[in-house]
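The values are calculated or read from the model by the stated rules, or taken from the named source; none is laboratory data. Please read these numbers as outputs of a predicted model, since none were measured by experiment. Note: ideal-geometry Cβ built from the backbone for every residue, glycine included; neighbour counts use all protein chains shown. Side chains are part of the model used for accessible areas, which takes the heavy atoms of the whole protein and leaves out ligands, DNA and RNA. Shrake-Rupley method; radii C 1.70, N 1.55, O 1.52, S 1.80 Å.
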Amino acid sequence: MSKNYRILDLIRRNRSPLENHLVDGLVDGGVSRRDFVRHGSLLGLSLPLLSGIGMAAGLGRMPSLARAQGAPGATVRVACSMPTAAIDPITVTDAGGTLLLQQVGEFLCVDGPDLVLKPVLAESWKPNDKGTVWTFKLRKGVKFHSGGEMKADDVVATIDRLADPAGSSNALSVFKGILQKGATKKVDDYTVEFHLDAANGNFPYMVSSDNYNAVILPASYKGDYEKSFDGTGPFKLEKYTPKVGASFVRNDDYWGPKVLPERTEFTFFDDIQPQILALQGGQVDIINQLPALTGISLLNDPNVDIISRKSTVSRQVHMRCDSDPFKDPRVRRAIALSIDRDKLVAGLMKGRASIGNDSPFAAVYPSTDTSVPQRKQDFAQAKQLMEAAGAGKGFKVTLTTQRYMEIPAYAQLIQNWVKEIGIELDLNMMDQGAYYGDAVFGKSNWLDSVMGITDYGHRGVPNVLLSAPLKSGGTWNSAHFKNKDYDMLVDRYVAAVDLEEQKATAGKIQKLLLEETPIIFGYFADYLTATAKGVTGVQPSPVGHLFLDKTSKA
C-alpha cells in the first residue's frame, strides 16, 4: 500500500510533538509497526487511531483481535498455586494471591500479552511534554461491588496507600523514587494527575496490571480484604476458604460487557504435579501457570491445549558484589561464561524460553538494543578470568535458592557447569517462605545470601527490573550492586519519553551489565497456561493474571 500523506497530515494536526515524532519514525521506517503500536499505546493513543495511522503509512489494517463468542453459563474450574499469606491488595506478592485479586479487582489499564496497554478504568491518558505529569481520564459509571461509583477520590486514595513509605506496600518497589504519597492529584471527579518525582517515559505501566498491587479500591478501604474481595471487576466473591480455594460469580452490575461464565472456581495446590493430575482427570479445566520442565507430560497431550505467551519471566542469579568470592567482576563474568544458554532454552525449558544476555532487557522489549553481542558459554575465557582475579585454584561457595518451578534443576545445571572452572557449589534449597523471609535486608535469605536464584515475574517495561534489583538503593538489590554510572544511566532511561532515546541508553546499560555481571539472566521463560480441550476464550497474562470473561466450555 502507498502512503496517504493527506491523511497523515490531518492526523498530525491534533497530535503533540512527541506523538508526531513517533509517527515520523513509523513513516520513515525507523520504528517497526510492532514497536509503534506498543509505544503509541504507552503515550495514550487509542488502538483505532494507531491502526488508522498504520493504514495511512501504507502498512495496511492491523489484524483483528476479535474472537468467536462462546456459549454462556459455564462453571470454569482453575488450578492454581496456594496463596502464601493473607490476601491484601497492598501487600500481596505471591502468584496465587495476585490471581485471585485480579478476578474481582481492576486497574487503570492492562498490559496485554503483546505489551500493548489497553484502557480499563481509565479511558485515556497522556504526558506533558517533559513526562513529569501524566493525566488520566477515568471511565464514568463504574461501580464497586460494595456500592458507590468509582471516582477520582478512590484512585487518589488507592495510589497514596501504595506510595506511603510508612506503610507495608509491596508497590513501593515500583513507586520509590517515582511517585510520592500526596503527588496523585484529583482534578475533577473523572480526572487524575500524577505529579512524578522526575520524568518517566513508561509511567502508565506503573499503574497498570504490571503493578499487580494497583487494583483500584474504594477510598474508604480499611483492610481485612478477604471478607469482601471488593472491586469493580466482572466477577464478585461467592466464597473464599483459606488453604482450600475460592469461587466467584458473575457481576450483573459490571460496567462492561456481560461475562460468559456463570461461576469460576479456584482450587489451591502446593505443587504442580497434583494440578497436572487434576487436569488430566477432569477435576479442573485450566492450570494457570505450567512450568515447561515439570509440565512436559502435557505439552504433547492431545486432550490438552497449551497457550504460550512470550514473556520477561526470569530467574535471576545474583552474586554479592560486596562479599568474597564475588567482589571481583572477573569472577562474576567467569561464572556467567560457564553457562550454556542454548541448553537452558532447549533442554531445561523445552524450547519454551528466549535466551538472556545478563540484563533485564529481553528481546520482546521495544527499547532493547539487539546489536549488543550475545554472551555464550566459553570455558577457556572463564578460566582466564579466574586466573586474572587470583581465583585460578577455584573456591567453594553456597548457592541458596527455593523449590519453585524449574529453579532446582537450574541450580543443579549451574553446579555442574561451574565445576569446569574449579568452583565447588553447595546447594541450599528451601521453600519459598523461608527463602524470602521478611523480604528486608538482614531478615531474608534472598537478600542476604552470597549467591542465590530468585524468580521474577513478567513486566511490560523493564523499569522495575532495572531499579529494584540493581540500583544502589534498590529494595530488591540482593547482589548489593552499587555503581554510580549504572544509576545515572537508569535514571536517563526512565526519564526518556522518546523510543529512540530509550534504545540508545538501553544499549549502554546492557554493555555495562555485561562488564559488571552482578546478576545472570540466563533465559526469559515463556508463560504457559494449560486448558482442557473444548475450553475456549481463556486469556492468560504473563504477569500471572487470568482473564476469564470470554471463557466457555464445549
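Could you figure out which of (1) part of a loop (DSSP other than H, G, I, E, B); (2) open to solvent by less than 10 Å² (accessible area, probe 1.4 Å); (3) in contact with a His (Cβ under 6 Å, 6 or more places away or on another chain) isn't true of Phe481?
So Phe481 meets the others, but not (3).
Working only within segment 319-348, note down all residues that are in contact with a strand residue (DSSP E or B) (Cβ under 6 Å, 6 or more places away or on another chain) and closer than 23 Å to Ala292 by Cβ.
Ala336, Ile339, Arg341, Leu344, Val345
Give the number of residues within segment 27-48 that are of a type in the set (Lys, Arg) and open to solvent by less than 70 Å² (accessible area, probe 1.4 Å).
Residues meeting the conditions: 2.
Has segment 457-474 got any residue that is of a type outside the set (Phe, Trp, Tyr), over 29 Å from Ala496 (Cβ atoms) and in contact (Cβ under 8 Å) with a residue 24 or more places away in the chain?
No, there is no match, as no residue in segment 457-474 is of a type outside the set (Phe, Trp, Tyr), over 29 Å from Ala496 (Cβ atoms) and in contact (Cβ under 8 Å) with a residue 24 or more places away in the chain.
Could you tell me which numbered condition Asp210 fails, if it satisfies all but one of (1) open to solvent by 20 Å² or more (accessible area, probe 1.4 Å); (2) within 25 Å of the chain's Cα centre (by Cα); (3) modelled with pLDDT under 95; (4) of a type outside the set (Ser, Thr, Tyr)?
(1)
Which number in (1) over 21 Å from His480 (Cβ atoms); (2) outside any loop (DSSP other than H, G, I, E, B); (3) at pLDDT 95 or above marks the one condition that Gln283 misses?
(2)
Within segment 512-543, take every residue that is out of contact with any Lys or Arg (no Cβ under 6 Å at 6 or more places or on another chain), open to solvent by less than 10 Å² (accessible area, probe 1.4 Å) and not in a strand (DSSP E or B) and give me the one that is farthest from Gly452 (Cα to Cα).
Ranking the qualifying residues of segment 512-543, first place goes to Val538.
Residues in segment 179-190: is at least one modelled with pLDDT of 95 or more, more than 30 Å from Pro17 (Cα to Cα) and either under 24 Å from the mean Cα position of the chain (by Cα) or of a type in the set (Lys, Arg) (or both)?
Yes; the residues of segment 179-190 include at least one that is modelled with pLDDT of 95 or more, more than 30 Å from Pro17 (Cα to Cα) and either under 24 Å from the mean Cα position of the chain (by Cα) or of a type in the set (Lys, Arg) (or both).
Considering segment 191-203 alone, what residues qualify as being open to solvent by less than 50 Å² (accessible area, probe 1.4 Å) and either touching a Gly at 6+ places or on another chain (Cβ under 7 Å) or aromatic (Phe, Trp, Tyr) (or both)?
Selection gives Phe194, Ala199, Asn200, Gly201, Phe203.
Given the structure, is Asp328 of a type in the set (D, E, K, R), modelled with pLDDT of 95 or more and open to solvent by 40 Å² or more (accessible area, probe 1.4 Å)?
Criteria not met by Asp328.
Could you please find all residues in segment 134-166 being open to solvent by 30 Å² or more (accessible area, probe 1.4 Å) and either among the hydrophobic types (A, V, I, L, M, F, W, C) or on the phi > 0 side of the Ramachandran plot (or both)?
Gly141, Gly147, Gly148, Ala166
Could you please let me know if Val31 is under 27 Å from Val215 (Cβ atoms), among the β-branched types (Val, Ile, Thr) and either over 19 Å from the mean Cα position of the chain (by Cα) or modelled with pLDDT of 85 or more (or both)?
Considered against the rule, which asks whether it is under 27 Å from Val215 (Cβ atoms), among the β-branched types (Val, Ile, Thr) and either over 19 Å from the mean Cα position of the chain (by Cα) or modelled with pLDDT of 85 or more (or both), Val31 comes out as no.
Farther than 19 Å from Ala122 by Cα, open to solvent by 20 Å² or more (accessible area, probe 1.4 Å), within 19 Å of the chain's Cα centre (by Cα) and among the charged types (D, E, K, R), is that true of Lys176?
So Lys176 passes the test.
Tell me whether segment 311-319 contains one or more residues that are farther than 28 Å from Val397 by Cα and either among the β-branched types (Val, Ile, Thr) or open to solvent by 40 Å² or more (accessible area, probe 1.4 Å) (or both).
Yes, because at least one residue in segment 311-319 is farther than 28 Å from Val397 by Cα and either among the β-branched types (Val, Ile, Thr) or open to solvent by 40 Å² or more (accessible area, probe 1.4 Å) (or both).
Name the residue, out of Ile276, Ile335, Ile306, Ile339, that is touching a residue at least 12 places away in the same chain (Cβ under 8 Å) and under 24 Å from the mean Cα position of the chain (by Cα).
After applying the criteria, what remains is Ile306.
Among all residue pairs at least 6 apart or on different chains, which show Cβ distances below 7 Å where the first residue, located in segment 229-241, is closer than 18 Å to Phe107 by Cβ and the second is assigned to a strand (DSSP E or B) and of a type in the set (Ser, Thr, Tyr)?
Phe229/Tyr240; Phe235/Thr264
From (1) more than 30 Å from Lys118 (Cβ to Cβ); (2) of a type in the set (D, E, K, R); (3) modelled with pLDDT under 95; (4) part of a helix (DSSP H, G or I), pick out the condition that doesn't hold for Lys503.
Lys503 satisfies all of (1) more than 30 Å from Lys118 (Cβ to Cβ); (2) of a type in the set (D, E, K, R); (3) modelled with pLDDT under 95; (4) part of a helix (DSSP H, G or I) except (1).
For segment 13-26, how many residues are open to solvent by 20 Å² or more (accessible area, probe 1.4 Å) and under 12 Å from Ala57 (Cα atoms)?
1
Can we say Ser81 is touching a helix residue (DSSP H, G or I) at 6+ places or on another chain (Cβ under 7 Å) and open to solvent by 20 Å² or more (accessible area, probe 1.4 Å)?
yes
May I ask you to say which residue of Ala66, Ala85, Ala79 is among the aliphatic types (A, V, I, L, M), at pLDDT below 75 and farther than 30 Å from Glu501 by Cα?
Unique residue meeting the criteria: Ala66.
So which residues in segment 350-396 are open to solvent by 20 Å² or more (accessible area, probe 1.4 Å), farther than 30 Å from Leu115 by Cα and touching a helix residue (DSSP H, G or I) at 6+ places or on another chain (Cβ under 8 Å)?
Gln377, Asp378, Phe379, Gln381, Lys383, Leu385, Ala388, Ala389, Gly392, Gly394
Could you please let me know if Val494 is aliphatic (A, V, I, L, M), in contact (Cβ under 8 Å) with a residue 24 or more places away in the chain, open to solvent by 10 Å² or more (accessible area, probe 1.4 Å) and in contact with a strand residue (DSSP E or B) (Cβ under 8 Å, 6 or more places away or on another chain)?
Here the answer is no, as Val494 does not meet what is asked.
Quickly run through segment 407-451 and pick out the residues that are charged (D, E, K, R), under 27 Å from Gln381 (Cβ atoms) and touching a residue at least 12 places away in the same chain (Cβ under 8 Å).
Selection gives Glu420, Glu424, Asp426.
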